[in-house]
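First comes the structure, then the notes that go with it.
Just so it is clear, none of the values below were taken in a lab; they were calculated from the coordinates. Since we're looking at a predicted model, the values are computed, not measured. No Cβ is skipped: glycine too gets one built from the backbone with ideal geometry, and neighbour counts run over all protein chains shown.
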Amino acid sequence: MKNVDMKMHVKGQSVFIDDIKAPIGLLNAALFTSPVAKGRIKNIDISAAQKSEGVAMVITHKDIPGKNQIGHMIADQPLLAFDEIEYIGQPIAIVVADTRKNAKKACQLIKVDIEKLEPVFEPREAYQKGLIHAQKRVLVNGNIEEAFKKSKYIASGRIDSGGQEHFYFETQRALAIPKEADTIKVCASCQSPGAFQHHIAEVLDIPMHKVELEIRRLGGGFGGKESTAVWVVAAALAAKLLNRPVKLVISRNEDIATTGKRHPYSYDYKIGLDENGKILAFEVFLYQQAGGCADISPAVLGRSFLHTSGSYCIPNVKITAVSCKTNIPPNNAFRGFGVPQGTFIIESALFHASEIMGKNIIELKKINLLKDGDFLPYGMQLKKTNAVRCWETLDEKVNIKKRIEAVEEFNKNNQTKKRGISVIPVCFGISFAQSTLNQASALVNIYIDGSVSVSTGAVEMGQGVNTKILSVAANTLGIQKEKVRVDTTNTSRIPNASPTSASTGADLNGMATKFACEELLTRLKKLIAKKTNFFDLDKIRIKDGIVYLCGAKLDYTWEELILDAYNERTDLSCHSFYATPAIYYDRVKERGRPFAYYSYGTSLTEVEVDILRGVYEIVSIDVVHDVGKSLSPEIDKGQIEGAVIQSIGWTTIEQLRYAPDGKMLSSANSYKIPDIKFVPKNFNVMLLENSENPYAVCNSKAIGEPPFIHGLGAYFAILDVLRKIRKDKPLPSLPLTPEKVFMYIYE
Amino acid sequence: MIRFILNNKIIETHKPDGMILLDFIREEEGLTGTKEACREGECGACTVLIGRLNNEKMEYKTIASCITPIGSLKNCHIVTVEGLDTGDFTLVQKLIIDNSASQCGYCTPGIVLSMTGFCFMSEEISYDAIIDALDGNICRCTGYASIRNAGRSLIDNLKANDYEKTAKKDRLQKLIEMNIIPSYFAEIPEKLKKIGNRSNINISDETVIVAGATDLFVQKPEALENQKLYFMSERKDLEYIKEENGNILVGGAVAIEDFRKSQVIKKHYPELEDYLLLHSSTILRNTATLSGNIVNASPIGDITIILLALSARLVIENRHGNIRKIELSKFYISYKKYDLEPCEIIREIEIPICSKNEQFNFEKVSNRKILDIASVNSAALIKLSDKKNIEKLRISAGGVAPIPLLLSGLEKFIGKELSAKLIQEIAEYCMQSVTPIDDIRGSAKYKKILLKQLIIAHFNKINTVQK
């Protein structure tokens, strides 16, 4: 089933936050943020701004009725700074005016006196100074010292991976409308209905039942709207204080300069292999560049930490991870949530080891792939492992050996252009690593005309979760899809919803929807039984909106059934709840079963590097990905294609640049994400056939993030070329921009 | 008063010339299908169609509404996604749905407009051409594979309907028949004739001259909103590209895309058609002008670098219509400073047609290949004798100096026989004669060595061509 929203998207009829018709008396807000990366506020002078044209109010920390705190995991993030400044772009005041232009103009009149302190921008330096968020994490499995002693080949070194701007098309924004009796309705572009509602309630000092947070859809999220509540809460606060509707929309360059990004990491690694190339030991230290507040960084780090063995069986490991406090905007979730970084380090270490061993990296990967019965470093034993199946399916499709030979042949015949190749296996754990969050609820209402409305805690951001939910509901009830509508995500209908992230949106909310529909169906079947005197409920079916008994079609439609049910006073509304079973994790022992299942895949990426100019193009990508029994092959394929290209952006051309004082230099005109011509002509995506997954709704598998890992292939394919040119340098850091490629060759 | 037609509605507004079209569409008219995502013309979410009446025929092209001042759109037909409503889905909309070429949907209206606009603009109905037409529409969700498929389907449909063979004058009707545009388009020319208004063209010292606005309105839209503006786009007399006495003459109002596609250019400098795809995107090239690129004076401007190597001259007109001529290579004084008085405009650009043995090459390296500013760009005009001696050598380089640079001191290589060693010497010389700085486009060191490589690339390409 195709994404139902497309019918509105193509006509420009889909309503995003800034498209909502302006309520009467609407005001616009803008944020005044810190120009200094580290310091202490001495004085904030808002007098000139208050007198500026059209200004209704200039809000500072003093005006906050409740807690001045929006920290997602740790209470270290005030909504409006009042003392310590931790990064450039940290909000200090909210200016509310008649128009956005006037609000911005007034921002320029705010004078803030900040005592400058020495900022820290390097994660390793922060760690040395003891500046970390939460605790250092250490996971040890097996006997690492012994294993290194037994290793025939050992590779070690240091490498880094870079950040990434989300560049969701709809920037951070919200519209807040005060209602009667101290209540407030907030329409926002955010991924965390429950958590953001909670932040609003705390800052406004009202109970959560007075906050209605509503989300129709996001113009892209990718994790960037999951944890940092600044813009949503700021709009709500302004609306509350002024008792007027307030909209806050930030510009593209404000968004790039002040919002969190994918975490850059620095790594120390050491890997040991036996004489056949089997990995015996892996030791890694992860330094995460977290930014000025903890935000969601410790959780992201946790996922990197749990994925540093990638798709490989590694019997002996020692993983150490720290979230380093640096003076840049707090980094946050971004598609993959630390897994791409965790996978990058094992892929890099193995690449390095292959050079030392003199064995082809692709062969080395294959012999180390995870199989059923293998244990992951945190003690979870694998079942239904599809790592090898994905690899072999890809091999059947593209013939990896022939592709390697073709590249060698090309390189023999070309002097100024060289090709490189890489195969990337994917193993991605599904579930929130924080077990609590693996819960969801759904509310399914059937109206007397037979139409059905479904509400869940899932947030639609283009990933098609609402279409999948719609499909689950229609299939479970046995009615046409046109009869079902997925309503907005609204905290008054669905309380305490977990964020839509960790690729779990459809898994959790789809399952809750299925449960609710099954319960309704049982109620309806009981009614049919009563009416027909046929009491074997298993043999009563509804299909395409018609009732069947033992396979025989009755002259009884869904609409008639529903009307009868209403007249018989049947409850046609059902709320249902789902919590992923049998997952747990012990943070002290660093052992457990944190994930319900794993998503697998394998891809082959081929690139061509122009040696003369240092530029490159992606020649082809072939992907095999395991999506279980897809709820929507069209949507899943789109998710894979989108994730792969977004990831190749991260591994190649997307580079964030900062001035020495910590100011973001990148902006819309210099931070370039992939365009239509960047995408390889040969881009083939294949869904693994006959894959069953009993651990998620209707045998499907999560899809949002796992295919992001394939994008590492672009980095390693370019690296393949670079290392053939010279090996007298350490492995270059990710991303491999044209400049970096050029300087690797020529410097 | 500004008059134009927005979709099927005649607009008369007293809003200032400098008001941004996107704001007008969304805030004044409440048409929210057109989206704002960057406000710099970098993403294409705000793409709309602009139609102009030219010789009784409508000519449509796509533009970025987020950087277009409404004053430049007098007498135009502006089409937003709402204006494509045929009651049903248009063919383009249907193909986007069929191919699942939309995810979050924020960029989708822009893509619908670019694909629709392609049907009007492109001479060539091919897959490559529609990809070119989409080069300014960024999408963060789909990974483009599905968008390409939708484009391919559109090409198939156009071909199946013999669109290519349809006479230009009948194409609009054909697009209506194919359900690509609504039928009211047919009545637009008559309507436009009726609303006709011309502004009084005169320049004073305070007037800001707008020659495309694709950079000007990115840099300081607020400051320009209530400024007195003079739009080069109203100088219909300067929209020519012609050949005269061994020169190509390009009027000061010519858009880069029109230049790229012109027959004169295709005849004398066919390679420019591809090189200029690197300049920017379709929606920007449709409004950006050569003269605008020149006075923008970016040290890295692609047009400037190309024209420097081609020995272009500028014909400059003052407000009284008096004319003077200057070599482009003498036009730039220092960073963003050049020889142009406040009331002067570039009336014409004169490009000498190169002789048979002269060869031209352009090199550009940017972080992203398309729609990105170069780290270094360079153009070369080289003439070799039959014996492969260098007879003429002109090399320009961008990103390596405060101004678009024409490299000096190359005379010493004239008369020498071309060899690998000589190419190295020239490249080395060029590298040593520039002093780039570290900036967002790359480190100084990178740019220096890169220039050297690009000089080598010039000679490699020329040698290949000669074979």
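Charging the Cβ of each Asp and Glu at -1 and of each Lys and Arg at +1, and nothing else, the dipole of chain B about its Cα centre rounds to 1100 debye.
Peptides A:68-80, A:239-251, ordered by how many other C-beta atoms sit within 10 Å of their residues on average, highest first, read A:239-251, A:68-80.
Only one residue of B:Leu278, B:Ala37, B:His458 has its Cα farthest out toward the positive end of the dipole of chain B, where Lys and Arg carry +1 and Asp and Glu -1 on Cβ, and that residue is B:His458. Only beta bridges with both residues in the protein assembly as shown are counted; by DSSP, about 85 percent of them are antiparallel. Packing around the peptides A:83-96, A:127-140, taken as the average count of other Cβ atoms within 10 Å per residue, puts them in this order, highest first: A:83-96, A:127-140. Using the empirical formula 2.2 N^0.38 Å as the baseline, the Cα radius of gyration of segment B:235-466 reaches a ratio of 0.98.
If you take every DSSP beta bridge fully contained in segment B:1-191, what fraction is antiparallel? Give it as a percent rounded to 5. Kindly include the intermediate steps, with their values, before the conclusion.
On the way: 17 of 19 bridges.
Rounded to the nearest five, the antiparallel share is 90 percent.
Along the axis of the charge dipole computed for the protein assembly as shown (Cβ charges of +1 for Lys and Arg, -1 for Asp and Glu, origin at the Cα centre), the listed residues A:Asn276, B:Leu393, A:Ala93 are led at the positive end by A:Asn276.
Just round it to a whole percent: the fraction of Cα-Cα distances in segment B:7-159 exceeding 19 Å. Don't jump to the answer; show the numbers that get you there.
Details: 5984 of 11628 pairs.
Tail of the P(r) past 19 Å holds 51 percent of the pairs.
Would you pull out the residues with amide H under 5 Å of A:Gly223's amide H, same chain only if 5 or more places away, H placed 1.01 Å from N? Placed amide hydrogens put A:Arg335 under 5 Å from A:Gly223. Counting only other chain Cβ atoms within 10 Å of each residue's Cβ, the peptide A:162-169 averages 3. Straight-line cross-link partners of B:Lys387 among the lysines, defined as a Cα under 19 Å from its Cα and at least 8 positions apart when in the same chain: B:Lys356, B:Lys412, B:Lys416, B:Lys421, B:Lys461, B:Lys467. For segment B:235-252, backbone phi angles converted through the Karplus equation (6.51, -1.76, 1.60; θ = phi - 60°) give residue-by-residue couplings of 7, 4, 5, 10, 9, 9, 9, 9, 10, 8, 6, x, 10, 9, 10, 10, x, x Hz, Gly and Pro being listed as x.
Size of the dipole of the protein assembly as shown about the Cα centre, Lys and Arg at +1 and Asp and Glu at -1 on the beta carbon, nothing else charged, in debye to 20?
Working: 154 positive and 144 negative charges, 280 e Å.
My answer is approximately 1340 debye.
Relative to the Cα centre, the charge distribution of segment A:285-430, modelled as +1 at Lys and Arg Cβ and -1 at Asp and Glu Cβ, gives a dipole magnitude of about 180 debye. Measuring nothing but alpha carbons in segment A:457-554 and taking Rh as the Kirkwood radius, the Rg to Rh ratio lands at 1.06. Between A:Lys629 and A:Asn693, A:Ser700, A:Lys701, the built amide H atoms are under 5 Å apart, and every one of these is 5 or more places off in sequence or on another chain. A cut-off of 5 Å between modelled amide H atoms, ignoring neighbours fewer than 5 places along the same chain, links A:Ile92 with A:Phe32, A:Thr33, A:Ser34, A:Ala81. Across segment A:724-731, rounded Karplus estimates of 3J(HN,Hα) from the backbone phi angles (6.51 cos²θ - 1.76 cosθ + 1.60, θ = phi - 60°) give 6, 7, 7, 10, 7, 10, x, 4 Hz, Gly and Pro being marked x.
Using a 10 Å cut-off on Cβ atoms, rank the peptides A:308-319, A:598-609 from the highest mean neighbour count down.
Per-residue mean Cβ counts within 10 Å order the peptides as A:598-609, A:308-319.
Using the Karplus relation 6.51 cos²θ - 1.76 cosθ + 1.60 with θ = phi - 60°, the per-residue 3J(HN,Hα) values for segment B:12-21 come to 10, 9, 9, 4, x, 3, x, 5, 6, 4 Hz, with x marking Gly and Pro. Using all pairs of distinct alpha-carbon atoms, the Kirkwood hydrodynamic radius of chain A works out to 27.2 angstrom. Computed over the Cα atoms of segment A:471-612, the ratio of the radius of gyration to the Kirkwood radius (Rg/Rh) comes to 1.17. Rounded to the nearest 500, the helix-only mean residue ellipticity at 222 nm of the protein assembly as shown stands at -8500 deg cm²/dmol, with each DSSP H run of n ≥ 4 adding -39,500 (n - 2.57). When the scattering of chain B is computed by the Debye formula from its Cα atoms alone, each counted once and equally, what is log10 I(q)/I(0) at q = 0.07 Å⁻¹? Each listed q corresponds, in turn, to -0.38. Which pairs, out of B:Lys57/B:Lys220; B:Lys169/B:Lys193; B:Lys74/B:Lys236; B:Lys220/B:Lys447; A:Lys729/B:Lys369; A:Lys418/B:Lys364, put more than 23 Å between their alpha-carbon atoms? Too far apart for the 23 Å limit: B:Lys57/B:Lys220; B:Lys220/B:Lys447; A:Lys729/B:Lys369.
Calculate the tail of P(r) for segment B:228-329: the fraction of all Cα-Cα distances greater than 24 Å, expressed in %.
Numbers: 935 of 5151 pairs.
The answer is 18 percent, as a whole percent.
Of the residues A:Leu79, A:Thr171, A:Gly142, the one whose Cα sits farthest towards the positive end of the charge dipole of segment A:52-182 is A:Gly142 (charges of +1 on Lys and Arg Cβ, -1 on Asp and Glu Cβ, taken about the Cα centre).
Sparse packing (at most 13 other Cβ atoms within 10 Å of the Cβ) combined with a DSSP loop state is found for the following trypsin sites (Lys or Arg not before Pro) in segment B:124-186: B:Lys165. Shielding of peptide A:634-642 by partners, expressed as the average count of other chain Cβ atoms within 10 Å per residue Cβ, is 5. Let me know the mean shielding of B:132-138 by other chains, meaning the per-residue number of their Cβ atoms within 10 Å of its Cβ. That average works out to 3.
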